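The values are calculated or read from the model by the stated rules, or taken from the named source; none is laboratory data. Please read these numbers as outputs of a predicted model, since none were measured by experiment. Cβ placement follows ideal geometry from the backbone for every residue including glycine, while neighbour counts extend to all protein chains displayed.
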Amino acid sequence: MRGIRSRRWLAGVLGAAAAMVLTAAFTVTPALAEDFAGPAMLVNGNDVDIAVPGPNNSLEFYYQQNGVAGWNTEQVAGAETTFSAPSMAVDGDYVDIAVEGPDDSLVLYYSALNGTGTWHSDQVTGPGTTFSAPSIAISGGNVEIVANGPGNSLYAYYTTSGSGTWTVEDVTNGGFIYSMSAPSMVISGGWVSIAMEGQEDTLYYWSQPVGGPSSSWDGWLIGTATSAPSIAATGNAINVSTTGANGEVLFYWVYDGSVLWHTETVAAGSPAYTATSIAVDSSANSAIIAATGLAGNLEFFSAVYGTGSWHSQGVSGPGSVSLAPVIYADSFDGYNGVNICAVGPQGQLLSDYSAFGSGTWYSETIAGPGSST
């Protein structure tokens, strides 16, 4: 998305370049129920890391070495510290976790690589500033966090690792576009990219150069969203997944340097889907999506880039998950796998994994009932 930009009055290019402009009134809602849902997961070297809200609004961290049975656990922060789903990224030799903290603050926790058990905290911004789950991304020593601010605004915070000084930017520049869900962010090719659900079930995309001034944020209305979007980068394109007006799973993508967004329907909304997570499987040259259904089922979708042909697999049946999933590709020792993490109906932390293309899924309970919220 590196072409000619329009300032603030957002014109999106959808399909064959049909522009859409939003003018209708709506009701601003500062509380986002979906922000209290779901774990964060990443592959950190040879380890799989998971962060999830625990009992009494605590923050818990789990990790496992690939090929080794058993999960290790650490408490990142105690009771009444965590009031949203976490977002996690690797920062050199550290793991960083961002959450909405007490009194609507924004807090970053960080620790040296797995096994130290020592977590440190940094208040990014104070009380009354943060009203959604944040999203964190790191590239070349630049740490970026985005979250909703007061009145469904959208704010980005950035720092250089180790500096302790945060710069804040109003992404929408006080405009008429409002963030109605937790945002999702990725850094790729020197650019920061954000996807968010706007008012009246719209989907917006924002971008700026890493470290760019507040005035360099630009955005596009790119489609429809009825749940918090999920974003990923392939190296030459941006991918976004979300759900549509009829509960369908939608996939949006654009090449770097283009303003022409493409839309694909991954799965029809029968039954309806409620949340998605997207990742890139570089080994299989594929986009991979996990989606939860209205019945509490978990589904997996994949498509080789450029084909537009989506394949589906049922991962677990009705009543098996209760919150939004997170998906990650995991390749090691010649094994190309897919990991999906979700919270079950009794608050148990669950993991499902499969060798890509095998069609066989294995389930594991990482932590028992009441461990995750």
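Within region 62-117, track down each residue that is outside any loop (DSSP other than H, G, I, E, B), modelled with pLDDT of 90 or more and of a type in the set (Ser, Thr, Tyr).
TYR62, TYR63, THR73, SER87, SER105, TYR109, TYR110
For region 84-117, which residues satisfy the criterion of being among the acidic types (Asp, Glu) and in contact with a Ser or Thr (Cβ under 8 Å, 6 or more places away or on another chain)?
ASP91, GLU100, ASP104
For region 306-321, state whether one or more residues are in contact with a Gly (Cβ under 8 Å, 6 or more places away or on another chain), of a type outside the set (Ser, Thr, Tyr) and crowded, with 19+ Cβ neighbours inside 10 Å.
yes
What are the residues in region 212-232 that are at pLDDT below 95 and in a strand (DSSP E or B), if any?
Hits for region 212-232 are ASP218, GLY219, TRP220.
Which one of the conditions (1) surrounded by fewer than 21 Cβ atoms within 10 Å (Cβ to Cβ); (2) of a type outside the set (A, V, I, L, M); (3) under 26 Å from THR129 (Cβ atoms); (4) modelled with pLDDT of 80 or more does PRO39 fail to meet, given that it meets all the rest?
(1)
Tell me which residues, restricted to region 254-275, are farther than 25 Å from LEU323 by Cα and among the hydrophobic types (A, V, I, L, M, F, W, C).
VAL254, VAL259, LEU260, TRP261
I'd like the full set of residues that are in contact with a Phe, Trp or Tyr (Cβ under 8 Å, 6 or more places away or on another chain) and over 21 Å from ILE50 (Cα atoms), limited to region 288-313.
Those that are in contact with a Phe, Trp or Tyr (Cβ under 8 Å, 6 or more places away or on another chain) and over 21 Å from ILE50 (Cα atoms): GLY293, LEU294, PHE301, SER302, ALA303, TRP310, HIS311, SER312, GLN313.
Restricting attention to region 210-225, and to residues there that are in contact with a Gly (Cβ under 6 Å, 6 or more places away or on another chain) and more than 21 Å from GLY174 (Cβ to Cβ), which single residue is surrounded by the most Cβ atoms within 10 Å (Cβ to Cβ)?
Result: ILE222.
Which one of these does ASN66 not meet: (1) free of Cβ contacts under 8 Å to residues at least 60 places away in the same chain; (2) surrounded by fewer than 24 Cβ atoms within 10 Å (Cβ to Cβ); (3) over 23 Å from GLY235 (Cα atoms)?
Only one criterion is unmet by ASN66, namely (1).
Listed residues THR276, THR263; which is surrounded by 19 or more Cβ atoms within 10 Å (Cβ to Cβ) and touching a residue at least 24 places away in the same chain (Cβ under 8 Å)?
Sole residue among the options that is surrounded by 19 or more Cβ atoms within 10 Å (Cβ to Cβ) and touching a residue at least 24 places away in the same chain (Cβ under 8 Å): THR276.
Can you tell me how many residues in region 342-373 are surrounded by 17 or more Cβ atoms within 10 Å (Cβ to Cβ) and within 20 Å of ALA284 (Cα to Cα)?
Going through region 342-373 one residue at a time, the tally reaches 5.
Yes/no per residue for (1) under 19 Å from SER227 (Cα atoms); (2) touching a residue at least 24 places away in the same chain (Cβ under 8 Å); (3) part of a strand (DSSP E or B); (4) touching a His at 6+ places or on another chain (Cβ under 7 Å):
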{"position": "ALA291", "(1), (2), (3), (4)": "yes, yes, yes, no"}
{"position": "GLY296", "(1), (2), (3), (4)": "yes, yes, no, no"}
{"position": "SER302", "(1), (2), (3), (4)": "no, yes, yes, yes"}
{"position": "GLY308", "(1), (2), (3), (4)": "no, yes, no, no"}
{"position": "TYR328", "(1), (2), (3), (4)": "no, yes, yes, no"}
{"position": "VAL338", "(1), (2), (3), (4)": "no, yes, yes, no"}
{"position": "ASP352", "(1), (2), (3), (4)": "no, yes, yes, no"}
{"position": "SER358", "(1), (2), (3), (4)": "no, no, no, no"}
{"position": "SER371", "(1), (2), (3), (4)": "no, yes, no, no"}
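Could you figure out which of (1) in a loop (DSSP other than H, G, I, E, B); (2) crowded, with 16+ Cβ neighbours inside 10 Å isn't true of VAL254?
Answer for VAL254: the failing condition is (1).
Any idea which residue in region 42-63 is surrounded by the most Cβ atoms within 10 Å (Cβ to Cβ), counting only those that are polar (S, T, N, Q) and in contact with an Asp or Glu (Cβ under 7 Å, 6 or more places away or on another chain)?
ASN57
Looking at (1) surrounded by fewer than 24 Cβ atoms within 10 Å (Cβ to Cβ); (2) closer than 26 Å to LEU294 by Cα; (3) touching a residue at least 24 places away in the same chain (Cβ under 8 Å), find the lone condition where ALA268 falls short.
Of the numbered conditions (1) surrounded by fewer than 24 Cβ atoms within 10 Å (Cβ to Cβ); (2) closer than 26 Å to LEU294 by Cα; (3) touching a residue at least 24 places away in the same chain (Cβ under 8 Å), the odd one out for ALA268 is (3).
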